[in-house]
Amino acid sequence: MKTIIAAYSQNRSGSRASVQAALRTLLTAPWPSQRDVRSWLQLLAVLQWVLSFLLLGVVSLLLLIYLVFTSFWPISALYLAWIIFDWDTPEKGGRRLACLRKWRVWKHFRDYFPVQLVKTHDLSPSHNYIIGSHPHGILCVGAFCNFITGSTGFLEMFPGIRPFLTTLAGNFRLPVFREYLMSGGLCPVTRQAIGYLLSKNGTGNAVAIVIGGAAESLSCRPGVTTLILKNRKGFVRMALQHGAYLVPSFSFGENDLFRQVVFEEGSWMRSIQLRFQKMMGFAPCVFYGRGLTSVQSRGFLPYPRPITTVVGEPVTVPKIEDPSCETVDLYHEMYVRSLLKLFNENKTKYGLSETDELRII
């Protein structure tokens, strides 16, 4: 018995010593610096954004379908009834929540790259505007950060202007994801939705359209600036019909956030991408970025590269209910010239060389 008690006492002493040693090691270990904490918060902010855009809609849809076959089926039934009742809301300005633009998470999101907004001219609240956002890139980070979040100071730079950003109409058919998009000020890139904002929502509205769309994302790669714009004239026709001024904007650094496998024109993979784009509205890009552990690892997160979005000079547009093709072509050329001027005047300031050119196809 004495032997057992002695062994037990030694074991307790050893355990106590081990705990004390572990505590001493913990106390002497270096605590994370403020810089480390900021880096982690920035990484988490970008991670939640990427996962929201890539997975929120699909996961929500699958979850609601699953609930149909469980005792929680009334949740799916009620939400379906809500979507039917609320079906036209995205086409009528959406349901913006001002508090969403002020989330602290968007400042961490901005600082991860970082993203900067540059103003070159004033925008009067007495007019409406269509802002052409270039280039598309892979995930339109610059357009989202500047026109949806309040982290880069759009409302302070352009007082009296309400920014909106358009995206694929199909996104507003996905449960929960549609609410997330509308709360931030996104709307479908349809004539009805854009026309509502430009004609029935008063003045001071700025509708940002990523004109190159999904087709332009297929040409996204570092060191190459190619815009699909030559035959994209619908936005000019809408501007003329509503008397909305045209404003070019360019996000320098947008194409540097990911690495994409670009398939040559005429290849079978390129044809599959184009066919998928025509059927679904978006292009299945083969791309990669950094991983969670380090910038050197590969993953689906964007690389931390600076993005500078420069908003150019408005092109004054008259209101013509039924503009002719010649008139549309005239203002389209004026817009392209204004965009080229914006690009050439700022390219050397934000990472490009004097010899870099903007290719428009």
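The values are calculated or read from the model by the stated rules, or taken from the named source; none is laboratory data. In this text the structure is predicted, and so the values were computed from the model without any measurement. Cβ coordinates were reconstructed from backbone atoms using ideal geometry, including for glycine residues, and neighbour counts include every protein chain displayed. Note: areas computed on protein heavy atoms with side chains; ligands, DNA, RNA excluded. Shrake-Rupley method; radii C 1.70, N 1.55, O 1.52, S 1.80 Å.
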Scanning the stretch 287-304 residue by residue, those farther than 25 Å from Leu352 by Cα and exposed (fewer than 13 other Cβ atoms within 10 Å of the Cβ) turn out to be Leu292, Thr293, Ser294, Ser297, Arg298
Inspect all residues belonging to the stretch 102-110 and state whether any of them is closer than 24 Å to Cys187 by Cβ, touching a Gly at 6+ places or on another chain (Cβ under 6 Å) and free of Cβ contacts under 8 Å to residues at least 60 places away in the same chain. yes
Residue list for the stretch 305-331, filter: in contact with a strand residue (DSSP E or B) (Cβ under 8 Å, 6 or more places away or on another chain), open to solvent by 20 Å² or more (accessible area, probe 1.4 Å) and part of a loop (DSSP other than H, G, I, E, B): Pro306, Glu313, Pro314, Thr316
Report yes if Gly94 is in contact with a strand residue (DSSP E or B) (Cβ under 9 Å, 6 or more places away or on another chain) and open to solvent by less than 10 Å² (accessible area, probe 1.4 Å), otherwise no. no
Cβ-Cβ distance below 7 Å, separation of 6 or more or different chains: which pairs start in the stretch 126-137 with a residue that is farther than 17 Å from Glu357 by Cα and end on one that is β-branched (Val, Ile, Thr) and assigned to a loop (DSSP other than H, G, I, E, B)? Ser126/Thr203; His127/Thr203; Asn128/Thr203; Gly132/Ile211
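So how many residues does the stretch 332-341 have that are touching a strand residue (DSSP E or B) at 6+ places or on another chain (Cβ under 7 Å) and surrounded by 16 or more Cβ atoms within 10 Å (Cβ to Cβ)?
Total satisfying the criteria: 4.
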If Asn201 satisfies all but one of (1) touching a Gly at 6+ places or on another chain (Cβ under 7 Å); (2) outside any helix (DSSP H, G or I); (3) open to solvent by less than 40 Å² (accessible area, probe 1.4 Å), what's the number of the condition it fails? (3)
Going residue by residue through the stretch 31-50, is there one that turns out to be surrounded by 13 or more Cβ atoms within 10 Å (Cβ to Cβ), in contact with a strand residue (DSSP E or B) (Cβ under 8 Å, 6 or more places away or on another chain), of a type in the set (D, E, K, R) and in a helix (DSSP H, G or I)? no
Looking across the stretch 168-185 at residues that are out of contact with any Lys or Arg (no Cβ under 8 Å at 6 or more places or on another chain) and open to solvent by 40 Å² or more (accessible area, probe 1.4 Å), the single one that is nearest to Leu61 (Cα to Cα) is Leu174
Restricting attention to the stretch 46-86, report how many residues are touching a Lys or Arg at 6+ places or on another chain (Cβ under 9 Å) and free of Cβ contacts under 8 Å to residues at least 24 places away in the same chain. 1
Would you mind stating whether Ser151 is in contact (Cβ under 8 Å) with a residue 40 or more places away in the chain, in a strand (DSSP E or B), touching a Cys at 6+ places or on another chain (Cβ under 9 Å) and of a type in the set (S, T, N, Q)? no
Exactly one of (1) assigned to a helix (DSSP H, G or I); (2) out of contact with any Pro (no Cβ under 7 Å at 6 or more places or on another chain); (3) open to solvent by less than 60 Å² (accessible area, probe 1.4 Å); (4) of a type outside the set (A, V, I, L, M, F, W, C) is unmet by Asn344. Its number? (3)
So which of Gly281, Gly266 ends up being out of contact with any Pro (no Cβ under 9 Å at 6 or more places or on another chain) and at pLDDT 65 or above? Gly266
